[in-house]
Amino acid sequence: MKIMMFAHGGSLNRGCEAIVRSSAQMIKENISGARVFLASEQPHTDRVIPSLDGIYDGSKSEIVRPSLNWLVSAVRFKLLGDESYATGLIEQNTISRIKDVDVCMSIGGDNYCYGEQPGWYEIDRRVKKHGKKLVLWGCSIGEEDMTDRKLADLKLFDLILARESLTYDMLREKGLRNVRLCADPAFTMAKEELPLPDGWQPGNTIGINFSPLVEGRNKQSGPAVRELLKHILRTTDMTIALTPHVMVDGNNDYELLQVFHQELKDTGRVILLPDHLTAVQYKGYIARMRFFIGARTHATIAAYSNFVPTMVLGYSVKSKGIARDLFGTEKLVLGIEEISSGDNLIAKFDEMLEGEEELRESLRQSVPKIRQMSYKAVDYLRELAPR
């Protein structure tokens, strides 16, 4: 089975790296003879992933103006409302590789949470036109994200693997029967433990991750997180490890966390992890934390999967669904509207502090089951192999 992953923006988003890294590893360990390739918009960022058989340039192509292609695209869109010719040209780097593989796997987890995706819709149509298998791998989609156009695209897939039960239930309610429940592949990802930085307290360090994506959606969230940091410094003796997980231009955790570090570094109890680590190296640090508070889903998965009590600054269905599958309830997950108040964050932090051992024990019980659900995705994928 020859598989091409696509809809991947690059591994400067360490969550995207975690999905590719863990998925490729699981597939190659459990499907005999499987070869896994990646079409990436930033192929140079993915060289840190060792288990891939090849990395393709999946970046978008420009339609030069003026040109015959530009003219045909404009006429078809204006007269017929047809954007497929243009999107086919824009996505030609990925489309050109379809003929060489058996399965095309749309990855990215929450890609379908951010409006219409005409480029990926066109890739999906071309996959089916070539008679290849089409898989949506480890997705989360909120009901508020669904449109008729998106539903029509989802019906093209041979297999949709929902990574949490809220998405699974919603897609089934929409009439889709090509859906199976699994768990995020990153629960299976290994960790690499680098030396601890100066100031780290073994067994008494709390990780904090915050993102421009969340701050952009709730302008009060930054000041609220600042209040929480000061509360932790004032009422505990823990070290705070500010932990970036996405370093994409315009959406860079490190730049945001640098501001907090600059304000609080003189306390001697706030450290900032570097911005160049791989997903497995970040996981190695997160695994050795006492608590974790994070906005990036895969940073929180790194914590959950190592039994670290975790509070989630959530902004989509994925955070709620993953927590529900771990705990049976959306435990310590705050929606975007709930993180405007420092008092609210402090109350949730205090709740986590008081329930530390109970949370850790719950994760020890549930995470092995979730990892098994991650591997179920490979079982479902294997069923698509030619007999």
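Restrict the check to the range 255-272 and report whether at least one residue is closer than 25 Å to Trp137 by Cα and not assigned by TED's automatic domain parsing to the domain that holds Asp46.
no
Taking the residues in the range 68-118 that are closer than 26 Å to Glu144 by Cα and of a type in the set (Ser, Thr, Tyr) as candidates, determine which candidate is modelled with the lowest pLDDT.
Tyr114
Could you grab me the full set of residues in the range 319-373 that are touching a Pro at 6+ places or on another chain (Cβ under 8 Å) and among the small types (Gly, Ala, Ser)?
Once the filter is applied, which keeps residues that are touching a Pro at 6+ places or on another chain (Cβ under 8 Å) and among the small types (Gly, Ala, Ser), the range 319-373 yields Gly342, Gly355.
If you check Phe187 against the conditions, is it part of a loop (DSSP other than H, G, I, E, B), in contact with a Phe, Trp or Tyr (Cβ under 8 Å, 6 or more places away or on another chain), touching a residue at least 60 places away in the same chain (Cβ under 8 Å) and of a type outside the set (Ser, Thr, Tyr)?
no
If the Cβ limit is 7 Å and pairs must be 6+ apart or interchain, which residue in the range 249-278 that is in contact (Cβ under 8 Å) with a residue 24 or more places away in the chain pairs with which residue that is among the aromatic types (Phe, Trp, Tyr) and not in a helix (DSSP H, G or I)?
Asp253/Phe210; Leu256/Phe210; Leu257/Phe210; Ile271/Trp200
Return the residues of the range 120-144 that are crowded, with 18+ Cβ neighbours inside 10 Å and either within 22 Å of Met373 (Cα to Cα) or in contact (Cβ under 8 Å) with a residue 40 or more places away in the chain (or both); say none if nothing qualifies.
Trp120, Ile123, Lys133, Leu134, Val135, Leu136, Trp137, Gly138, Cys139, Ser140, Ile141, listed by residue number.
Report the residue count in the range 330-378 for those that are of a type in the set (A, V, I, L, M, F, W, C) and more than 17 Å from Ala302 (Cα to Cα).
So the count comes out to 11.
Looking only at the range 329-355, filter to residues that are in a helix (DSSP H, G or I) and of a type in the set (Asp, Glu); which one of those is farthest from Pro223 (Cα to Cα)?
Glu354
If Leu381 satisfies all but one of (1) part of a helix (DSSP H, G or I); (2) within 28 Å of Pro197 (Cβ to Cβ), what's the number of the condition it fails?
Going through the list (1) part of a helix (DSSP H, G or I); (2) within 28 Å of Pro197 (Cβ to Cβ), Leu381 breaks only (2).
Do we have Thr310 as under 19 Å from Ser374 (Cα atoms) and buried (at least 24 other Cβ atoms within 10 Å of the Cβ) here?
In short, no.
Could you say which residue among Leu171, Leu181 is farther than 14 Å from Lys320 by Cα, buried (at least 22 other Cβ atoms within 10 Å of the Cβ) and out of contact with any Lys or Arg (no Cβ under 7 Å at 6 or more places or on another chain)?
Leu171
Residues that are out of contact with any strand residue (DSSP E or B) (no Cβ under 8 Å at 6 or more places or on another chain), more than 15 Å from Asp184 (Cα to Cα) and outside any helix (DSSP H, G or I): does the range 320-328 have at least one?
Checked against the condition, which is being out of contact with any strand residue (DSSP E or B) (no Cβ under 8 Å at 6 or more places or on another chain), more than 15 Å from Asp184 (Cα to Cα) and outside any helix (DSSP H, G or I), the range 320-328 yields at least one hit.
Counting only residues that are under 13 Å from Ser165 (Cα atoms) and buried (at least 20 other Cβ atoms within 10 Å of the Cβ), which one in the range 321-354 is nearest to the chain's Cα centre (by Cα)?
Ile322
Under 9 Å between Cβ atoms, which residue pairs at least 6 apart in sequence (or on different chains) link something in the range 28-47 that is touching a residue at least 40 places away in the same chain (Cβ under 8 Å) and over 13 Å from Leu381 (Cα atoms) with a partner that is among the acidic types (Asp, Glu) and not in a strand (DSSP E or B)?
Pairs found: Phe37/Asp53; Phe37/Asp100.
Pick from Ile107, Ile160, Ile98: which is in contact (Cβ under 8 Å) with a residue 40 or more places away in the chain and farther than 19 Å from Ile301 by Cβ?
Ile98
Arg296 is checked against (1) over 22 Å from Ser22 (Cα atoms); (2) surrounded by 18 or more Cβ atoms within 10 Å (Cβ to Cβ) and fails just one. What number does that condition carry?
(1)
The values are calculated or read from the model by the stated rules, or taken from the named source; none is laboratory data. Not measured: the values here are computed from a predicted model. Cβ coordinates were reconstructed from backbone atoms using ideal geometry, including for glycine residues, and neighbour counts include every protein chain displayed.
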